[in-house]
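The values are calculated or read from the model by the stated rules, or taken from the named source; none is laboratory data. These numbers come from a predicted model, not from an experiment. Quick reminder, even Gly has a Cβ in these numbers, built from the backbone with ideal geometry, and neighbours come from all protein chains shown. Please note that ligands, DNA and RNA were not included when accessible areas were found on the heavy atoms of the full protein model with its side chains. Shrake-Rupley method; radii C 1.70, N 1.55, O 1.52, S 1.80 Å.
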Amino acid sequence: MELRQLGTSGIRVSTLGLGTVKFGRNQDLKYPEPFRLPSAGEITLLLETASDLGINLLDTAPAYGDSEILVGSAIRGQRDKWVLTTKVGETFSRGRSSFDFSPESVNASVLASLQRLQTDFLDVVLIHSNGDDVAILEHTGALDMLKLLKTKGMIRAVGISHKTLSGGYRALELGCDVLMTTLNAKDISQLPVITRAAQLGCGIMVKKALESGHGELSGLRFAASQTGVCSVVVGSINADHLTENVQAVNLTDGQ
């Protein structure tokens, strides 16, 4: 699989990234069918398959239940094979999310993610927005704290998983290294942000390319083919589905 530069961060990511929400959380999600959480052994086998298919990007978050712990255990001793992306600002407990974007919470969240993922640095850390993108970026201090932790070598690139067009533009103005942006065949509203990000050297990771399980593989090809898109992140706990996703993206890469 093709590796693409993640903006000007110096990080190279596979065109398809593996989202890990299904590793640790099966409540309050928008997937069409319920699913059983996989065992640690099943996750290890899935990540071996992902690596064999050329995937190097794993996307996780504290809001994904035990995902970080399970990923950290599964990739122990293989840190150099993976690009690890996680998030700050949202946690999930007892069936509901809560949000805290204060600098203190962001700092504590990063330290906890480092421990759970069993690593001394994180490749990408994104603010896990609740939808109030601009207010979070301008008034909470979350982005400033991430930038400070980046200067300390704990993070290689920082940004936001945003929900609004205005939030995407403001993130670019404030110098984010990476944006995680919704893009699929039915929702192209963020394309102007993606275009602008490419001009500024900001990396783009796409979310919801398969419309939370409601879309088709052509949506992956559509998202991956857009100028400025570095990696399309899709959640899966099924090796066959993962293989199909990779095959779809490889057509975009011309392989």
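Roughly speaking, what % of Cα-Cα pairs in region 135-227 are separated by over 20 Å, rounded to a whole number? Here the long-distance tail beyond 20 Å is 39 percent of all Cα pairs in region 135-227.
Applying 1/(1 + (r/R0)^6) with R0 = 30 Å to the Cβ-Cβ distance of His139 and Asp28 gives a FRET efficiency near 0.65.
Here the calculated FRET efficiency for Phe35 and Glu104, from their Cβ-Cβ distance with R0 = 30 Å, stands at 0.30, rounded to the nearest 0.05. Between region 142-177 and region 93-125, the alpha-carbon centres lie 15 Å apart.
Report the extension gain between Ser93 and Lys152 in nm, rounded to one decimal, defined as 0.36 nm multiplied by the number of residues separating them, less their alpha carbon distance. Each step should come with its number before you reach the end.
On the way: separation 59, 0.36 × 59 = 21.24 nm, distance 3.02 nm.
Extending this stretch completely gives an extra 18.2 nm.
Under 5 Å from the amide H of Met180 lie the amide H atoms of Ile160, Ser161, His162, Met205, each residue being 5 or more positions distant or on a separate chain, with H modelled from the backbone and absent for Pro and chain starts. Element breakdown for the chain at a 1.4 angstrom probe: carbon and sulfur atoms account for 48% of the accessible area. Taking amide H as placed 1.01 Å from N in the peptide plane, Leu16 has its amide H under 5 Å from the amide H of Val232, each at least 5 places away in sequence or on another chain.
With 5 Å bins beginning at zero, the pair-distance distribution over Cα atoms of the chain amounts to 1, 7, 15, 19, 22, 19, 12, 5, 1, 0 %.
In whole angstrom, how long is each semi-axis of the equivalent ellipsoid of region 1-63, when you take the square root of 5 times every eigenvalue of its Cα gyration tensor and sort them from largest down? Don't jump to the answer; show the numbers that get you there.
Values: eigenvalues 123, 45, 20 Å².
For region 1-63, the semi-axes come out at 25, 15, 10 Å.
Given the pairs Lys30/Lys87; Lys147/Lys208; Lys152/Lys186; Lys87/Lys186; Lys30/Lys150, which span a C-alpha to C-alpha distance of over 29 angstrom in this model? Provide the component values of the computation, followed by the final result.
Working: Lys30/Lys87 19 Å; Lys147/Lys208 26 Å; Lys152/Lys186 40 Å; Lys87/Lys186 26 Å; Lys30/Lys150 33 Å.
Exceeds cut-off: Lys152/Lys186; Lys30/Lys150.
If one puts a single equal scatterer on every Cα of region 29-109 and applies the Debye formula without solvent, what log₁₀ I(q)/I(0) results at q = 0.11, 0.14, 0.19 Å⁻¹? Calculated log10 I(q)/I(0) at the listed q: -0.36, -0.58, -0.97. Within the listed set Phe99, Phe121, Phe35, the Gaussian network model of the chain (springs between alpha-carbon atoms below 10 Å) gives the highest mean-square fluctuation for Phe35.
For region 177-241, with every protein chain kept in place, what is the accessible area per residue (1.4 Å probe, Å²)?
40
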